[in-house]
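This report concerns only the one structure given below.
The values are calculated or read from the model by the stated rules, or taken from the named source; none is laboratory data. Keep in mind it's a predicted model, so treat the numbers as computed, not measured. Cβ coordinates were reconstructed from backbone atoms using ideal geometry, including for glycine residues, and neighbour counts include every protein chain displayed. Surface accessibility is based on the protein's heavy atoms, side chains included, excluding ligands, DNA and RNA. Shrake-Rupley method; radii C 1.70, N 1.55, O 1.52, S 1.80 Å.
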Amino acid sequence: MTEYEAVIGLEIHAELMTKSKMFCGCAVVDTTVAAPNTHVCPVCTAMPGVLPVINRQAVDFGIMVGVALNCEIAPTNVFARKSYFYPDLPKGYQISQYEQPLAVNGWVEIEADDATRRIGIRRAHLEEDTGKSTHMEGYSLIDLNRAGVPLLEIVTEPELHAAEEVEAFARKLRAILVYLGVNTGDMSKGVLRFEPNISVRPRGSSELRTRTEIKNLNSIRVLRLATAYEIARQIRMYESGGFVVQENLGWDEAHNRTVVQRSKESAEDYRYFPEPDLPPLVIDRERVARLRATSPNCQTPSACASKPWA
Ligand SMILES: [Zn+2]
């Protein structure tokens, strides 16, 4: 029987705990507690003619995370429009970063199988969160309190090879974010979301096969379970002569299995282009040095690992 190896990358969305939203002055609130649509304004509800303003604190928090993840901080950031339609995205696009993100080429060390492994961080970029939809019988409710909350999207290299490594990475990253004071780490409230993309290949091969992505996992336990399930499902698929389809999956908690959500968009579908309402964001080296000097030190493994979340 063929032996298989999983190839896993992670996409992480971390809300940044600033006082105000990414591009307006509305307060960032606990959306599981605040009354719906009470922290909104013309900017985050996408009224015509309004203009975004970049939140300085969100950029500082992003730089702090980038530094803690051993990334290079780009001297010039460009915000980009990522166009897609969704009812909880009133603008019809999300302001994100595409070709010139905040941070690139970092790494995080994890302990796996009694060894220390370095997992590459491809990029980390700033963007805004969407609103929240709640689907009822026959209709949906939209809460825009979350629309425009600063988000940091962190993308790893596909260098994880088992569900246990994914868990070790997630715990380490969560500890770093909480330690830096930029995120509460409370996944049950959706402030930190991990989405693994997974493929499997015969062990020893260097090919990259079709991958699937699992969306909206709300705890590290579920992240590990869903990853392990999906690895096994893909192996079964190949072993039975089938093939894996590139698609987005969700986790069916009741039946402990992954289920198809929708076929996957590619970058072309989003029609990225530079955000015309925002100038390029220039980050001078003094700012990076100052944040590096004043941030809690996450470089020593014990500094973050000693925290209770580790
Ligand atoms: Zn607002």
Being surrounded by fewer than 19 Cβ atoms within 10 Å (Cβ to Cβ), among the small types (Gly, Ala, Ser) and within 18 Å of the chain's Cα centre (by Cα) narrows 120, 138 down to just 120
Consider residue 71 against the criteria (1) in contact with a Lys or Arg (Cβ under 7 Å, 6 or more places away or on another chain); (2) away from the ligand (no atom under 16 Å from the Cβ): it satisfies all of them except one. Which criterion is unmet?
(1)
List the residue pairs whose Cβ atoms are under 9 Å apart, where the first residue sits in region 51-73 and is within 12 Å of residue 292 (Cα to Cα) and in a helix (DSSP H, G or I), the second is open to solvent by 40 Å² or more (accessible area, probe 1.4 Å) and among the hydroxyl-bearing types (Ser, Thr, Tyr), and the two are 6 or more positions apart or on different chains.
64/294; 68/179
Which ones in region 5-27 are of a type outside the set (Val, Ile, Thr) and either free of Cβ contacts under 8 Å to residues at least 24 places away in the same chain or away from the ligand (no atom under 16 Å from the Cβ) (or both)?
5, 6, 9, 10, 11, 13, 14, 17, 25, 27
Hey, any hits in region 294-308 for a residue that's among the β-branched types (Val, Ile, Thr), within 27 Å of residue 23 (Cβ to Cβ) and at pLDDT 95 or above?
no
Somewhere in region 264-275, is a residue farther than 30 Å from residue 100 by Cβ and open to solvent by 30 Å² or more (accessible area, probe 1.4 Å)?
no
Suppose we filter region 111-136 for residues that are at pLDDT below 95 and more than 24 Å from residue 46 (Cα to Cα); how many remain?
8
Those residues of region 2-16 which are surrounded by fewer than 19 Cβ atoms within 10 Å (Cβ to Cβ) and not in a strand (DSSP E or B) amount to 2, 3
Region 214-233, subset outside any loop (DSSP other than H, G, I, E, B) and free of Cβ contacts under 8 Å to residues at least 40 places away in the same chain, residue surrounded by the fewest Cβ atoms within 10 Å (Cβ to Cβ):
221
Does residue 76 fit the bill of being among the hydroxyl-bearing types (Ser, Thr, Tyr), more than 12 Å from the ligand (Cβ to nearest atom) and within 23 Å of the chain's Cα centre (by Cα)?
yes
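In region 126-179, which residues are away from the ligand (no atom under 16 Å from the Cβ), in a strand (DSSP E or B) and touching a residue at least 60 places away in the same chain (Cβ under 8 Å)?
If the condition is that a residue be away from the ligand (no atom under 16 Å from the Cβ), in a strand (DSSP E or B) and touching a residue at least 60 places away in the same chain (Cβ under 8 Å), then 126, 141, 152, 153, 154, 155, 156, 160 are the ones that fit.
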Given the condition more than 16 Å from the ligand (Cβ to nearest atom), part of a strand (DSSP E or B) and touching a residue at least 24 places away in the same chain (Cβ under 8 Å), answer yes or no: does some residue in region 28-48 qualify?
no
Does residue 54 count as farther than 30 Å from residue 231 by Cα, under 21 Å from the mean Cα position of the chain (by Cα) and open to solvent by less than 20 Å² (accessible area, probe 1.4 Å)?
no
Let me confirm something: among 6, 68, which residue is at pLDDT 95 or above, under 17 Å from the mean Cα position of the chain (by Cα) and over 17 Å from residue 143 (Cα atoms)?
68
Output the residues belonging to region 272-297 that are among the polar types (S, T, N, Q), part of a loop (DSSP other than H, G, I, E, B) and free of Cβ contacts under 8 Å to residues at least 40 places away in the same chain.
297
Among the residues that make up region 84-92, is at least one of them more than 21 Å from residue 272 (Cβ to Cβ), free of Cβ contacts under 8 Å to residues at least 12 places away in the same chain and either of a type outside the set (Val, Ile, Thr) or not in a loop (DSSP other than H, G, I, E, B) (or both)?
no
